[in-house]
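J.: Sharing a structure below in structure tokens format, with a few things to ask.
The values are calculated or read from the model by the stated rules, or taken from the named source; none is laboratory data. Since we're looking at a predicted model, the values are computed, not measured. With ideal geometry, Cβ positions are generated from the backbone for all residues, glycine too; neighbour counts draw on all protein chains shown. Quick note on the areas: whole protein, heavy atoms, side chains included, nothing else; ligands and nucleic acids left out. Shrake-Rupley method; radii C 1.70, N 1.55, O 1.52, S 1.80 Å.
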Amino acid sequence: MPSPAPSGPHEPVRSRPPLLDALVLGAGVHGLCSAFALRRAGLRRITVVEAHGPGHELGGSHGRTRITRSSYDRPRFVQMAREAHARGWPELEAALGRSLRIRTPGLFFGPPGPFDAYVAATLGAGADVEPLPAAAARARFPLLAVDDGEQALLDHTAAMVLAAETMAGLRAWLAEHGVELRWQSPVRHLEVEDDAVVATCGDERLRARCAVAALGAWLPRLLADGGPPLVPLRQSVGYFAVDAPAAQCRAPAFPVWARIAPGDDGFSYGLPDHADAGLKLALHRTVGRADALDATVPPADPQALSRLARERFAVPVRGLRASERCLYAMAPEHEFTIAPAPVSPRLIAVAACSGHGFKFGPVVGRIAAELALAGR
Ligand SMILES: Cc1cc2nc3c(=O)[nH]c(=O)nc-3n(C[C@H](O)[C@H](O)[C@H](O)COP(=O)(O)OP(=O)(O)OC[C@H]3O[C@@H](n4cnc5c(N)ncnc54)[C@H](O)[C@@H]3O)c2cc1C
């Protein structure tokens, strides 16, 4: 679909639909957080348009939990995490009237190689993170395999984000505050008029003074030049039972963690057991051939997940309890784009995934809303 075209002066004036204050395209975490920030900024006539239903499992925002951390390989992400932890999440929790994070230590570690940049950037940015010798990491977190010669960071800012509760809480808050949530309404066309952005869903045209396009991996379809090239990569996640007391598998005894080693399959991560689902484990797959976006999603490969579990857990693995698939929209250098689309400052493009965007949801939403308000 070509980029949205401005409507020409000679266009016959069709009976124009009413002008909304704002449109948000996509109800993943970035769309919902943008709508939240726009509503908090005082806009009232806001419509969120989503191609699927609430909590659908085809994008990048479903699933029980996510990691938040300060440990990063670039100072700008350490800084962004600082804002998310100090302001973004506390504001969202206050508005939703509940905690959305379970505090637990973060353990980030790896052999010499790409992990060196994490150590330098994180400690260099003064985050509340400390180096931890491999032996101390093993003693503190005996369920995890940490090899001699690996460096480790103990991240005191980390937590397990309750992703499903965050998404459900945002949907409820938006509905309670008069924001229209339109499900099963795929936007098939976008255009820009003098004073509005127009999204066509089915036969209906929705017009708004500004719009945020937070369409995840689908962004390039509606906004070809609105953002970076995105590669959709499906991920496989497993939930495991291991040979250890239940309490040792839960926060705060069990950390959120990532092992960052060289190679395409060098980045693995996991989270504590939450709600008896088992220990969450996955590879952070950032390279590979693009996956088809609208195809039936094949199930995860249980053998591959179990192999990874045997490598990463230092105790016997009793079994794979469940697995799920989820979608990354990989951008070059895993960087984020939150910017006005070239066609109009009223239309803000959001591409903030690359497998690490959830923790920044409240910050991404605030930035997108501010840009939309400035551009309308
Ligand atoms: C397995 C996995 C683990 C992850 N772990 C972490 C973690 O620990 N920490 C972290 O910070 N991040 C993590 N992430 C990344 C994070 O979850 C994503 O970056 C984030 O959820 C992306 O949100 P989004 O709103 O940009 O995209 P999405 O959630 O994909 O939302 C885009 C929405 O747009 C809708 N849409 C598309 N086209 C149209 C259309 N034409 N009309 C209307 N709607 C449309 C889609 O249906 C979708 O709902 C993980 C991601 C995955 C997949």
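J.: Ignoring any ligand, DNA or RNA, what whole percent of the accessible area of the chain comes from carbon and sulfur when the probe is 1.4 angstrom?
T.: Reported share for carbon and sulfur atoms: 54 percent.
J.: Between Gly178, Val364, Pro255, whose Cα lies farthest towards the positive end of the dipole of the chain when Lys and Arg beta carbons carry +1 and Asp and Glu beta carbons carry -1, centred on the Cα centre?
T.: Gly178
J.: Continuing with this model, one more query. Mean residue ellipticity at 222 nm from the helices of the chain, using -39,500 (n - 2.57) per DSSP H segment of n ≥ 4 over the full residue count, to the nearest 500 deg cm²/dmol?
T.: Result for the chain: -7000 deg cm²/dmol, rounded to the nearest 500.
J.: Ignoring solvent entirely, what values of log10 I(q)/I(0) come out of the Debye formula for the chain at 0.07, 0.09, 0.11, 0.12 Å⁻¹ when each Cα is a single scatterer?
T.: Log10 of I(q)/I(0), two decimals: -0.32, -0.52, -0.75, -0.88.
J.: Oh, and also: Just Thr200, Thr104, Thr65 to compare: in a GNM of the chain, with alpha carbon springs under 10 Å, which one fluctuates most?
T.: Highest fluctuation among the options: Thr200.
J.: Further question on the same structure: Mind giving me the FRET efficiency for Glu83 and Asp203? R0 is 56 Å, r the Cβ-Cβ distance, nearest 0.05 is fine.
T.: For Glu83 and Asp203, the calculated efficiency is 0.85.
J.: In addition: Sequence gap at least 6, Cα distance under 8 Å: using those rules, report the relative contact order of the chain to the nearest whole percent.
T.: 25 percent
J.: Provide the per-residue ³J(HN,Hα) series for the range 225-237, in order, calculated from phi with Karplus coefficients 6.51, -1.76, 1.60 and θ = phi - 60°, each as a whole number of Hz, with x at glycine and proline positions.
T.: 10, x, x, x, x, 10, 10, x, 10, 7, 10, 10, 10
J.: While we're on this one: Quick one: which of 143-150, 22-29, 171-178 comes out on top by average Cβ neighbours within 10 Å, and what's the full order, highest first?
T.: My ranking of the peptides, most packed first, is 22-29, 143-150, 171-178.
J.: Moving to a separate point now. Report the charge-dipole magnitude of the chain in Debye, nearest 20, computed about the Cα centre from +1 at each Lys and Arg Cβ and -1 at each Asp and Glu Cβ.
T.: Dipole of the chain, to the nearest 20 debye: 660 debye.
J.: A follow-up question, please. For the chain, modelled as a Gaussian network with Cα springs under 10 Å, which listed residue fluctuates most, Phe36, Phe358, Phe267?
T.: In the Gaussian network model the winner is Phe267.
J.: Please identify which residues in the range 43-71 have an amide N closer than 19 Å to a label point set 7 Å out from the Cα of Ala275, following the Cα→Cβ vector.
T.: 53-68
J.: Here's a follow-up. Which whole-number percent is the relative contact order of the range 331-376 (Cα, under 8 Å, 6+ apart)?
T.: 42 percent
J.: Shifting gears a bit: What FRET efficiency comes out for the pair Arg188/Arg289, r = Cβ-Cβ distance, R0 = 30 Å, nearest 0.05?
T.: With a Förster radius of 30 Å, E is 0.70.
J.: Calculated FRET efficiency, Ala247 and Ala339, Cβ-Cβ r, R0 45 Å, to nearest 0.05?
T.: With R0 = 45 Å, the Cβ-Cβ based efficiency is 0.45.
J.: Also: Pick out which of Arg69, Arg307, Arg205 has the largest mean-square fluctuation in a Gaussian network model of the chain, springs linking Cα atoms closer than 10 Å.
T.: Residue with maximal mean-square fluctuation among Arg69, Arg307, Arg205: Arg307.
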